[in-house]
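S.K.: Have a look at this one before I ask anything.
Quick note: the coordinates plus some simple rules give every number you see, no bench work behind them. All values derive from a computational prediction rather than experimental measurement. Virtual Cβ from ideal backbone geometry, glycine too; neighbours counted across all protein chains shown.
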Amino acid sequence: MTVVESVVSEQLSEPKMPPGVLTEGPVVDAKFRDSYISFALMIGGSIAALVWAFWQGIGWVEVSVFAGTFVLSTIGIGFMHRYFVHRSFRCGPVMRTIFAALATMAVQGSIVKWVSNHRRHHLHSDRPGDVHSPYYDGSGNAYTSFAKGMSHAQGGWVWDRETTDATYYAKDILADPIAMFFTRTRWYWYALSALIIPGGIGYAFGGVHTMIGCILFSGLFRSYLMTMATSLVNSVCHSDGRWGYRRFETHDGTTNELVTTLLTFGEGLHNNHHRFPRDAYLSHAWYEIDINGLIILGLGKLGLVHDIFAAGSRTPSDGSSGSRDLDDGKRSIPDTEAVA
Ligand SMILES: [Zn+2]
Ligand SMILES: [Zn+2]
């Protein structure tokens, strides 16, 4: 049964939220507060950035800072996903601090929130209880419109009342003083990423005019665009093969999709990832380019990270790009150790 067929068959039954989902209380209020402030700044800043670009123009400094911070944020989300969520490798406190800083500076919410949401996504992938499925809304009701489902997965889910309970999904993060320091101080890191660093570089290279261009274009607009690129993993890469291809028969709508893979440095190899959630390197063929995975393998060679997990894929250093088919090849369930 395909995902679409199973959605239709489940439309008649009453949706029921699994444990680990909050619908009221201070965590829900805090989620909305964070979302309103960050999206108001990012969307307002993006509109201002486009007006500024047409009105005042932008130069090589703004474009370079945009590119550099986009790359660093994309790598940061790679670490957020593969280290903090899935524990694909291990490392010491210094590297963990660097990964936590880069992950938080991607301006996609705190580590505790990102990890909790993503673990719930894996556990209920494209089923009621999934955080950002194109097939079910936040309350577990099936979508009848493909477009509505896609817009929910691409970003609408942020406004769902249902919020993931970190005490259920992320006990390890709550007990990690480094991850919690960055969670508590997230707004400083957002400001560094979207305002202070781009503005500082702009001022140093071109004065006040370039500083304004850098804050708007390379800070706020970049943060929004980068978040939208990451979100393609939730929409395009859950399109049940409509875009991209499915290497493994999983019980969700995951696909590997080239454009998303290039924009997200490998996160778009999402069917591979749902099949082997804890793998650090997601490529199973020469044409599956996983830059974030290669960075992790490179850090491993330098001795900066260790115990790099590889259940499904063989790393390039094995001299093989083939994949090893394990057990039943069916529903992807996150590693129990990763879901603490
Ligand atoms: Zn997914
Ligand atoms: Zn994942």
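S.K.: Separation of region 191-248 and region 118-139 by C-alpha centroid, Å?
M.R.: Answer, in whole Å: 25.
S.K.: Oh, and also: How far, in degrees from 0 to 90, does helix 222-235 lean away from the longest principal axis of the Cα atoms of the chain, to the nearest 10?
M.R.: 10
S.K.: With a bin width of 5 angstrom, please list the P(r) values of region 101-227 as percents of all Cα-Cα pairs, from the 0 bin to the one holding the largest distance.
M.R.: All Cα pairs, binned at 5 Å, distribute as 2, 11, 16, 16, 15, 14, 11, 8, 5, 2, 0 percent.
S.K.: From the square roots a ≥ b ≥ c of the eigenvalues of the alpha-carbon gyration tensor of region 157-276, which class results: rounded (a/c under 1.5), prolate (a/b over b/c), or oblate?
M.R.: Oblate is the answer for region 157-276, as a/c is 1.5 or above yet b/c matches or exceeds a/b.
S.K.: With each label point set 7 Å from Cα along the Cα-Cβ vector, what nm distance links VAL28 and TYR188?
M.R.: It works out to 3.2 nm between the two label points.
S.K.: Sticking with this structure for a sec: Quick check: convex hull over the Cα atoms of the chain, volume per residue in Å³, rounded to an integer?
M.R.: Values: hull volume 46.4 nm³, N = 340.
Once divided by residue count, the hull of the chain is 137 Å³.
S.K.: Gain in length, VAL94 to GLU249, computed as 0.36 nm per residue apart minus the alpha-carbon separation, to one decimal in nm?
M.R.: On the way: separation 155, 0.36 × 155 = 55.80 nm, distance 3.89 nm.
Between VAL94 and GLU249, full extension yields 51.9 nm more.
S.K.: How tilted is helix 111-123 with respect to the longest principal axis of the chain? Cα atoms for both, answer in degrees (0 to 90, nearest 10).
M.R.: 30
S.K.: Would you work out if region 73-170 is rounded, prolate or oblate? Take a ≥ b ≥ c from the square roots of the eigenvalues of the alpha-carbon gyration tensor; rounded if a/c is under 1.5, else prolate when a/b is larger than b/c, oblate otherwise.
M.R.: prolate
S.K.: Name the residues whose placed amide hydrogens come within less than 5 Å of the amide hydrogen of HIS251, ignoring near sequence neighbours (fewer than 5 apart) on the same chain.
M.R.: The list, which skips near neighbours in sequence, is ARG331, SER332.
S.K.: Extending each Cα 7 Å along its Cβ direction at LYS301 and PHE181, get the distance between those two points in nm, one decimal.
M.R.: Roughly 3.1 nm, to one decimal.
S.K.: Count the net charge of all other residues whose Cβ sits under 13 Å from the Cβ of PHE99, scoring Lys and Arg as +1 and Asp and Glu as -1.
M.R.: After counting each charged neighbour, the total is +3.
S.K.: Still on this model: Of PHE79, PRO277, GLY202, which is farthest along the charge dipole of the chain in the positive direction, counting Lys and Arg as +1 and Asp and Glu as -1 at C-beta?
M.R.: Among PHE79, PRO277, GLY202, the one farthest towards the positive end of the dipole of the chain is GLY202.
S.K.: For the chain, set up a Gaussian network in which alpha carbons nearer than 10 Å are linked by springs, and say which option among TYR169, TYR190, TYR36 fluctuates the most.
M.R.: Its mean-square fluctuation being the largest, the pick is TYR36.
S.K.: How big is the dipole moment of region 69-126 about its Cα centre under a simple scheme where the beta carbon of each Lys and Arg is +1, that of each Asp and Glu is -1, and everything else is neutral? Debye, nearest 20, please. If you can, show how the numbers build up before the last one.
M.R.: On the way: 7 positive and 1 negative charges, 41 e Å.
Charge dipole, region 69-126, about its Cα centre: 200 debye, nearest 20.
S.K.: Among ALA101, ALA175, ALA191, which one shows the biggest mean-square fluctuation in a GNM of the chain, springs joining Cα atoms closer than 10 Å?
M.R.: It is ALA175.
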